[in-house]
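The values are calculated or read from the model by the stated rules, or taken from the named source; none is laboratory data. These numbers were taken from a predicted model, which means no experiment stands behind them. Note: ideal-geometry Cβ built from the backbone for every residue, glycine included; neighbour counts use all protein chains shown.
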């Protein structure tokens with residue numbers, strides 16, 4: 001129902017005959033507080049807490065309402081300023097109480113397209129592009145997938161969220177693409193992250209004679225409870241560390257296993273073999289050994305990359321071939337289904353002593 | 001599911017949401033006040049506080065099952081260090097190196113904040129991942145998107161918000177929903193305009209068969225054309241440039257309504273000019289085609305005599321333009337001020353020379369401005385049928401919450417993201433976005449260890 005009294009001015013003038021209409025609008029009477037009931041002269045009920053909140057939002061919080069393109073806009077600015085800092089938002093922390101979480105940069109549109117071009121057009125290996133651009137290998141794969149999907153959408157003329165994308169790239173820190181060919185591409189993230197292995201969580205007291213060289217390989221064997229290496233083997237690893245690493249990375253199935261039954265596991269390999277880019281370690285070894293032969297480093301690095309790619313492709317082919325040999329494919333006439341049968345061996349090795357082992361056939365189907 | 005995720009002011013609770021209430025609560029959030037409490041009370045208070053943010057939509061028993069005491073962490077390795085030594089130097093002597101105070105050791109040792117990862121398993125959930133990828137303004141909204149069938153995982157529709165993503169999973173949200181979730185809401189006038197537009201569309205559908213409507217439209221068009229015939233192409237181009245410049249200006253104080261008026265005026269002008277061209281399909285053509293048509297109709301041409309280097313740079317930029325939509329935000333001018341003034345000078349000079357001809361010259365700069373304005377018109381048009389304010393602009397207070405954690409790789413253009421790996425802790429940082437201090441998270445983690 002609309003109010004009976006037509007205007008506020010009339011009402012108020014009746015209540016206070018001496019006051020001018022201008023004086024009635026006191027500064028405390030902000031628009032959000034004004035009552036919809038025109039008769040009452042008391043301000044609308046707004047709790048103290050709400051009042052405080054809007055006070056903050058219209059004061060300190062004003063700058064968070066909209067962003068300035070190119071610079072992140074997080075609340076830690078205020079805390080920084082309170083502590084006497086610049087408060088220009090150079091520290092990208094969205095949460096005031098959590099100093100460990102930072103808003104990390106995302107790939108710029110150009111960098112994304114460049115990665116896609118290197119992988120799909122120039123046919124460079126993911127490993128190589130990862131090192132070149134300073135981007136994790138998994139991210140390279142994801143970027144290629146996403147850009148391919150984007151291209152398909154564009155071809156299908158599906159609507160894209162372009163203004164949204166632009167806004168996000170203005171709000172979040174971005175890793176740009178270095179266009180100058182002389183300059184190195186800024187690193188996006190650390191590419192050689194070593195995942196902490198479960199076996200290394202234990203604290204082990206392991207006495208070793210002072211005369212012994214106790215290195216990473218030995219430490220891995222101690223962590224996994226394997227016996228120490230024979231002297232000849234240890235000497236070989238000491239002399240040809242690069243070859244020793246290649247042996248494990250190229251044939252992961254050949255890694256020694258220890259333990260029995262369900263506790264059986266591979267011997268923990270040294271960090272050189274477990275990082276995503278072991279070829280970089282070999283590259284730095286080359287640099288240490290041949291400090292003056294720059295061309296040789298590059299040649300060897302490329303050779304290693306090629307070899308890695310070849311070995312991986314071979315392994316993949318072999319796996320596919322053996323899988324095909326094992327399965328019997330049957331396609332009944334006029335059927336859209338293809339049935340695939342695989343022979344199983346139900347023995348103590350595959351199914352365990354009680355027949356309920358995790359590798360037993362049919363385990364996943366109950 | 002009833003939304004119990006309120007943001008009370010009395011007992012401030014931080015939520016996974018972009019609301020202004022939440023922002024206010026976030027900036028005044030203090031520790032759980034665990035001092036002077038028993039151990040049990042500390043754990044209880046901390047986990048109660050933490051659970052208002054982490055997996056508030058997940059039942060307690062569900063989360064207790066998901067909880068894992070094993071925390072993933074990584075150590076960034078330096079390949080050059082690994083190449084230098086085989087690790088025996090670190091274990092030499094009595095087990096901690098021959099000289100414990102040698103300068104070879106890293107000087108700053110950064111602790112890994114394991115306890116900040118207490119709620120890491122929840123980040124695997126689909127609804128949380130959608131929120132983290134900035135596709136929804138709250139986890140509740142993300143959950144709704146999933147349930148309403150707007151989300152696909154690896155190309156298949158996924159209707160379960162509790163789906164646990166696996167490394168390598170690609171999830172995608174309908175871009176329209178994302179624009180709605182992240183865009184500013186419509187105001188009263190816009191809602192009304194939307195209703196009117198919808199009504200008109202319905203009416204047109206009814207009259208589709210009758211020829212009268214079509215004839216009337218055609219008449220209107222011819223009238224427009226006639227009106228246009230009188231316009232001098234040079235004058236038209238001049239006014240168009242003016243409008244384009246105002247649209248792309250970085251004036252922040254301009255009211256949205258005013259801004260929209262300008263934009264609409266520009267849109268009208270472009271349409272009027274394009275309607276004079278011979279081909280009838282220009283309005284639906286690609287940006288490049290539209291642009292070339294526009295210049296040909298207006299008899300504009302590029303000013304010659306620019307340095308080739310600059311031109312190349314321009315060309316590269318403008319090729320990116322098509323991919324990058326220009327929004328209301330000011331255009332970043334990479335050009336130094338000198339080049340700009342030079343370009344204007346040249347434009348002025350060439351104007352004087354070609355007084356008699358009916359050809360107007362445009363500098364690269366102006367071409368760029370015109371192109372960008374056209375691009376904006378195309379990518380971010382005024383459309384009252386959309387459920388968000390058009391032209392699209394980010395909603396208020398969004399920037400304070402805008403961050404994308406590293407375990408996701410997001411492509412905003414198609415609103416798709418890949419869950420690369422599980423979140424990890426590393427020296428000095430943890431990847432789980434949590435607003436709470438380490439003290440709170442530690443106590444909460446301890447609560448979920450079985451024996452309390």
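The table that follows gives values for the structure above.
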{"quantity": "Scope the range A:305-339; condition out of contact with any helix residue (DSSP H, G or I) (no Cβ under 9 Å at 6 or more places or on another chain) and within 30 Å of residue A:129 (Cα to Cα); matching residues", "calculated": "A:306, A:310, A:313, A:314, A:316, A:317, A:318, A:319, A:320, A:321"}
{"quantity": "Residues satisfying the stated conditions in the range A:91-114, i.e. in contact with a helix residue (DSSP H, G or I) (Cβ under 9 Å, 6 or more places away or on another chain) and either surrounded by fewer than 18 Cβ atoms within 10 Å (Cβ to Cβ) or under 16 Å from residue A:189 (Cα atoms) (or both)", "calculated": "A:91, A:92, A:99, A:101, A:106, A:107, A:108, A:110, A:111, A:112, A:113"}
{"quantity": "Filtered residues of the range A:338-357 (kept if over 15 Å from residue A:264 (Cα atoms), surrounded by 11 or more Cβ atoms within 10 Å (Cβ to Cβ) and within 38 Å of the chain's Cα centre (by Cα))", "calculated": "A:340"}
{"quantity": "Matching entry among A:82, A:50 (being out of contact with any strand residue (DSSP E or B) (no Cβ under 6 Å at 6 or more places or on another chain), at pLDDT 70 or above and at the interface with chain B (Cβ under 9 Å from one of its Cβ atoms))", "calculated": "A:50"}
{"quantity": "Residue check, residue A:252 farther than 18 Å from residue B:77 by Cβ and surrounded by fewer than 11 Cβ atoms within 10 Å (Cβ to Cβ)", "calculated": "no"}
{"quantity": "Some residue of the range A:286-294 being surrounded by fewer than 10 Cβ atoms within 10 Å (Cβ to Cβ), farther than 30 Å from residue A:140 by Cα, out of contact with any helix residue (DSSP H, G or I) (no Cβ under 8 Å at 6 or more places or on another chain) and modelled with pLDDT under 95", "calculated": "yes"}
{"quantity": "Qualifying helices (runs of 4 or more DSSP H) (wholly inside the range A:257-366; at least 2 residues being closer than 26 Å to residue A:221 by Cβ)", "calculated": "A:271-274, A:278-289, A:294-326"}
{"quantity": "Residue within the range A:185-203 that is within 30 Å of residue A:131 (Cβ to Cβ), without any contact (Cβ under 8 Å) to a residue 40 or more places away in the chain and more than 13 Å from chain B (Cβ to nearest Cβ) present", "calculated": "no"}
{"quantity": "Subset of the range A:204-228 (residues that are out of contact with any helix residue (DSSP H, G or I) (no Cβ under 7 Å at 6 or more places or on another chain), assigned to a loop (DSSP other than H, G, I, E, B) and either crowded, with 16+ Cβ neighbours inside 10 Å or within 11 Å of another protein chain (Cβ to nearest Cβ) (or both))", "calculated": "A:205, A:207, A:208, A:210, A:211, A:212, A:213, A:214, A:215, A:226"}
{"quantity": "Residue within the range B:89-108 that is in contact with a helix residue (DSSP H, G or I) (Cβ under 8 Å, 6 or more places away or on another chain), on the phi > 0 side of the Ramachandran plot and within 11 Å of another protein chain (Cβ to nearest Cβ) present", "calculated": "no"}
{"quantity": "Filter pass, residue B:80 being within 12 Å of chain A (Cβ to nearest Cβ), in a helix (DSSP H, G or I) and over 15 Å from residue B:123 (Cα atoms)", "calculated": "yes"}
{"quantity": "The listed residue being in a loop (DSSP other than H, G, I, E, B), more than 10 Å from chain A (Cβ to nearest Cβ) and more than 22 Å from residue B:131 (Cα to Cα), out of B:36, B:3", "calculated": "B:36"}
{"quantity": "Filter result (surrounded by 14 or more Cβ atoms within 10 Å (Cβ to Cβ) and assigned to a helix (DSSP H, G or I)) within the range B:177-190", "calculated": "B:177, B:178, B:179, B:180, B:181, B:182, B:190"}
{"quantity": "Pick from the range A:266-285, criterion in contact with a strand residue (DSSP E or B) (Cβ under 8 Å, 6 or more places away or on another chain) and free of Cβ contacts under 8 Å to residues at least 60 places away in the same chain, ranking: farthest from the other protein chains (Cβ to nearest Cβ)", "calculated": "A:266"}
{"quantity": "Residue that is modelled with the highest pLDDT, among those in the range B:422-452 that are in a loop (DSSP other than H, G, I, E, B) and over 22 Å from residue A:93 (Cα atoms)", "calculated": "B:449"}
{"quantity": "Residue that is more than 9 Å from chain A (Cβ to nearest Cβ) and either buried (at least 24 other Cβ atoms within 10 Å of the Cβ) or in contact with a strand residue (DSSP E or B) (Cβ under 9 Å, 6 or more places away or on another chain) (or both), where the choices are B:433, B:394, B:381, B:387", "calculated": "B:387"}
{"quantity": "Candidates A:199, A:160, A:194 - the one that is surrounded by 15 or more Cβ atoms within 10 Å (Cβ to Cβ) and in a loop (DSSP other than H, G, I, E, B)", "calculated": "A:160"}
{"quantity": "When residues of the range B:20-33 are limited to those that are buried (at least 17 other Cβ atoms within 10 Å of the Cβ) and in a loop (DSSP other than H, G, I, E, B), the one farthest from the chain's Cα centre (by Cα)", "calculated": "B:32"}
{"quantity": "One residue from A:156, A:104, A:170, A:150 being in contact (Cβ under 8 Å) with a residue 60 or more places away in the chain, more than 19 Å from the chain's Cα centre (by Cα) and within 12 Å of another protein chain (Cβ to nearest Cβ)", "calculated": "A:170"}
{"quantity": "Subset of the range B:142-176 (residues that are within 11 Å of chain A (Cβ to nearest Cβ) and either surrounded by fewer than 15 Cβ atoms within 10 Å (Cβ to Cβ) or in a loop (DSSP other than H, G, I, E, B) (or both))", "calculated": "B:154, B:155, B:167, B:168, B:174"}
{"quantity": "Residue in the range A:115-135 that is under 18 Å from residue B:414 (Cβ atoms) and within 19 Å of the chain's Cα centre (by Cα) present", "calculated": "yes"}
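Residue-by-condition table, conditions (1) free of Cβ contacts under 8 Å to residues at least 60 places away in the same chain; (2) part of a helix (DSSP H, G or I); (3) under 32 Å from the mean Cα position of the chain (by Cα); (4) within 13 Å of chain A (Cβ to nearest Cβ):
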| site | (1), (2), (3), (4) |
| --- | --- |
| B:10 | yes, no, no, yes |
| B:13 | yes, no, yes, no |
| B:44 | no, yes, no, no |
| B:48 | yes, yes, no, no |
| B:54 | no, no, yes, yes |
| B:58 | no, no, yes, no |
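Residues checked against (1) under 30 Å from residue A:199 (Cβ atoms); (2) loosely packed, with under 15 Cβ neighbours inside 10 Å:
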| site | (1), (2) |
| --- | --- |
| B:45 | no, no |
| B:52 | no, no |
| B:62 | no, yes |
| B:70 | yes, yes |
